[in-house]
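Working notes, structure below.
The values are calculated or read from the model by the stated rules, or taken from the named source; none is laboratory data. All figures in this text were calculated on a predicted structure; none of them were measured in a lab. In this analysis, Cβ positions are derived from the backbone assuming ideal geometry, glycine residues included, and neighbour counts consider all displayed protein chains.
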Amino acid sequence: MSFKQDLITLLNNYSDMMEFNGENKFKVNAFKNGALVLKKLDDIETLISEKTIGEIKGIGKGIQAFLNEFYENGSVADFEELKGKLPEGIIELFAIKGISAKKVKQIYDELGVSNLELLEQACIENKVAPIKGFGEKTQIKILEEIKRLKSSKGLLRLNHAFNRADELKEHLSRINSIQRIEYTGELRRIREVISKIELLILTNDIESCIEEIQKEFSFSIEENENCKTLKLENEIETFLHITDESNFDEVLYLTTAEKSFREKISFDDSQNIILEMMDQHYFDLNENLKSNSNLEQKDFKGFFHFHTTSSDGLNLLNEMVNEGVSQGYEYFAVCDHSKSAFYANGLNEERILQQREEIDELNRSSKAKVYHGIESDILRDGSLDYDDDFMNNFQFVVISVHSIFNIAEDEMTARVIKAIENPHADVLAHPTGRLLLSRNPYKINIKKVIDACVENDVVIEINANPQRLDLDWRNIYYAREKGCKFAINPDAHSTKGIADTKYGILIGRKGGLQKEEVINCYSESEFIKFINRKVKRI
C-alpha cells in the first residue's frame, strides 16, 4: 500500500472509530472529508514534510497535526489510544460497504458481533435481518461483501504490487553480490490482481548472496533444481528466486509462465513468445492471433477520455494537454462527464458550449490539437443524456454506465447495446464497471456487447486505471477474434493519472494486441477519418 493510501485508510478508520464511539459528529465528518481531499492530492509526502498541507482546503489544524504525527512517527497516539478502547476486530467491519460505523455499533450492541467471522455467522443464522433498520436485503448484501473481503485478502492491485516490488528491488540492489533483479511470476506475466510478489536475482555466488540477504530479511529457504527460493516473512507472499547466469533465462521462464502453459510449451519452444502472454488463455487464441504484441508507449499518438476541472478533474485543460505533450502525445480528445453525472459536476448544454470556446482558444495557441469529446452516461433505457441534435456538437463520444448497476443481465446487456447502436457513439468505456478488489462487474453478457461493438463500428476501451483494467484481458482474445478495435485510456483525472496508460498497455500486450488494433496509435489524419466514419464532424 502506498503512503497516500495508508493515510487515506488511517483517516477513514479514525473517523469510523470515532463514529462507533459516539464522538462529536463534526469531528467525524471532518476526518471523513479529509480522506476525500487526500484522494485528490498528488505528492502528499512533500506537502506534509514542507508543512504546507494545512493550506489545502479541507485539511484543518487537527488533521494536519494527525498527518504530521504519522509522517514523523509512523503512528498516531490518539488513533492507537482509541483503537485500544474498541472491541478487538471491530475495525475490519468498517470495511464492509453499505453499513456505516453507526450500523456496526448497532450490530455490536444487539448481537455482540465484533469481527467478520462472527458477523458472517450471525447473517447465516438470520440474526441481522430482524435488527431495526436492516432487513433481509441488507443481510444478503453484508454476506456478499464479507465474501468479497475474504476473497481479496492478501491480494494487491497491479500498481500496488509493482510499488511493493520496486521498493524491495531498491533495497536488494544495495547488496554487492546481486548483479541483476527482474520481476517474475504474476507480475512479469501481468495479472490485474497479484497474489504474490516474485523477483528473480542473478548472482555469481548464490551462498554469499543468501548470507547477505539474511542480514536484511527473515525467510525460509527452498531448494529447486535450477535455483534457490527464499520465502520472505511478509503480509503479502513474497519470493526471491536466486540463480546464476547459466540458468537465469530458464528460471525466468519457469517462474513466470503459468503452470498449464509450461505443461504444453517447453522452455526451448517458448523463446519467441513474450512473457506477458504465457498464460493458459494463450491456447484459446486462433493461430493468426498468437503473434507477440507490438504495443509500445512510443506508438501512442492520441490521448482520449480524460477529465479536467470542468467536471471532476484536478487540472485545467491546458495543464492536461501540456503534460500529455511532454509524454509524447500529438492530439487529444477531452471527455469530461456529461450532465447526468451530477456527482461529478457533469456538464449541461450551456457549459458544454463554454468548454468549446475554451478548446477553440487553446487550439489557436497550442501545437497539439484538442478535439471536443464527452463521456456520456448511458441511462437505464439505453439512451444517452443529450438529445441527438445536441450530440452533433461533440467530435468524439465515449459512452459508459455510471449508475443503476443492480439490474438483471438481460436488461443491462440490452441497455448497453442500445447505446452502442447510437450513431454518435465512438468508444464504450470500462465495459463491465468493475473496481478491482472493491466492486464486482455488473451482470452483463460481454460477448454480446463485443459483437454489438463490431457490428456498429464502436471501439471498446481497455480502461488503464489500475483500479479498473476493464476490459478484462481474458475478453481481449474474443474481441480480437471478432475484429474489434480498442482504445487504451487511463481515464485520467489529473496530470499524474496520464502515466497510468502503461498499465493498459501491459494488459493489451498480454492479450496480444497489435498497434494497428488500437486507435490511440492512429495518426491524426487516421483519427479524423475514424470520427467521421458514421457522423460528419469535421
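Restricting the range 348-375 to residues that are over 18 Å from Val427 (Cβ atoms) and touching a Lys or Arg at 6+ places or on another chain (Cβ under 8 Å) leaves a set whose member that is surrounded by the fewest Cβ atoms within 10 Å (Cβ to Cβ) is Glu349. Taking each residue of the range 106-120 that is without any contact (Cβ under 8 Å) to a residue 24 or more places away in the chain and assigned by TED's automatic domain parsing to the domain that holds Lys132 and looking for partners that are of a type in the set (Lys, Arg) and outside any helix (DSSP H, G or I) with beta-carbon atoms closer than 8 Å, six or more apart or interchain, yields Leu111/Lys127. The single condition from (1) closer than 20 Å to Arg537 by Cβ; (2) surrounded by 15 or more Cβ atoms within 10 Å (Cβ to Cβ) that Lys339 fails is (1). Part of a helix (DSSP H, G or I), at pLDDT 95 or above and either farther than 18 Å from Leu240 by Cα or out of contact with any helix residue (DSSP H, G or I) (no Cβ under 9 Å at 6 or more places or on another chain) (or both): is that true of Ile210 in this structure? So Ile210 passes the test.
Give the residues of the range 446-487 that are surrounded by fewer than 22 Cβ atoms within 10 Å (Cβ to Cβ) and charged (D, E, K, R), sorted by residue number. Those that are surrounded by fewer than 22 Cβ atoms within 10 Å (Cβ to Cβ) and charged (D, E, K, R): Lys447, Lys448, Asp451, Glu455, Asp457, Asp472, Arg474, Arg480, Glu481, Lys482, Lys485.
Residue-by-condition table, conditions (1) touching a residue at least 40 places away in the same chain (Cβ under 8 Å); (2) outside the structural domain of Ile420 (by TED's automatic domain parsing); (3) out of contact with any Cys (no Cβ under 9 Å at 6 or more places or on another chain):
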site	(1), (2), (3)
Pro441	no, no, yes
Ile460	no, no, no
Asn489	yes, no, no
Lys502	yes, no, yes
Lys515	yes, no, no
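Yes or no: Arg148 part of a helix (DSSP H, G or I) and at pLDDT 95 or above? When the stated conditions are applied, Arg148 does not pass them. Residue count for the range 128-144, restricted to those that are part of a loop (DSSP other than H, G, I, E, B) and within 15 Å of Val104 (Cβ to Cβ): 5. Residues that are over 19 Å from Arg262 (Cα atoms) and either of a type in the set (Ser, Thr, Tyr) or touching a residue at least 60 places away in the same chain (Cβ under 8 Å) (or both) within the range 181-225 comprise Glu182, Glu192, Val193, Ser195, Thr203, Ser208, Ser218, Ser220, listed in sequence order. Scanning the range 166-192 for residues that are part of a strand (DSSP E or B) and either in contact with a helix residue (DSSP H, G or I) (Cβ under 7 Å, 6 or more places away or on another chain) or on the phi > 0 side of the Ramachandran plot (or both) yields Ile178, Ile181, Glu182, Tyr183, Thr184. Within the option set Phe26, Phe20, Phe31, being in the same structural domain as Phe79 (by TED's automatic domain parsing) and in contact (Cβ under 8 Å) with a residue 40 or more places away in the chain holds for one residue only, Phe20. Here Val193 meets the list (1) within 28 Å of the chain's Cα centre (by Cα); (2) crowded, with 18+ Cβ neighbours inside 10 Å almost entirely, failing just condition (2).
Screening Ser311, Ser326 for residues that are free of Cβ contacts under 8 Å to residues at least 40 places away in the same chain, in the same structural domain as Ala419 (by TED's automatic domain parsing), among the polar types (S, T, N, Q) and surrounded by 19 or more Cβ atoms within 10 Å (Cβ to Cβ) leaves exactly one candidate, Ser311.
In the range 318-346, which residues are part of a helix (DSSP H, G or I), within 23 Å of the chain's Cα centre (by Cα) and of a type in the set (A, V, I, L, M, F, W, C)? Across the range 318-346, the qualifying residues are Met320, Val321, Phe342, Ala344. All conditions but one from (1) at pLDDT 90 or above; (2) surrounded by 14 or more Cβ atoms within 10 Å (Cβ to Cβ); (3) over 17 Å from Lys27 (Cβ atoms) apply to Gly89; the one that does not is (1). Restricting attention to the range 264-317, and to residues there that are part of a helix (DSSP H, G or I) and basic (Lys, Arg), which single residue is nearest to Ile507 (Cα to Cα)? Ranking the candidates gives Lys298 first. Every condition in (1) within 23 Å of Val37 (Cβ to Cβ); (2) at pLDDT 95 or above holds for Ala341 except the one numbered (2). When each of Glu222, Glu258, Glu296, Glu211 is tested for being closer than 30 Å to Lys150 by Cβ, loosely packed, with under 15 Cβ neighbours inside 10 Å and either touching a Cys at 6+ places or on another chain (Cβ under 8 Å) or not small (Gly, Ala, Ser) (or both), the lone residue that passes is Glu222.
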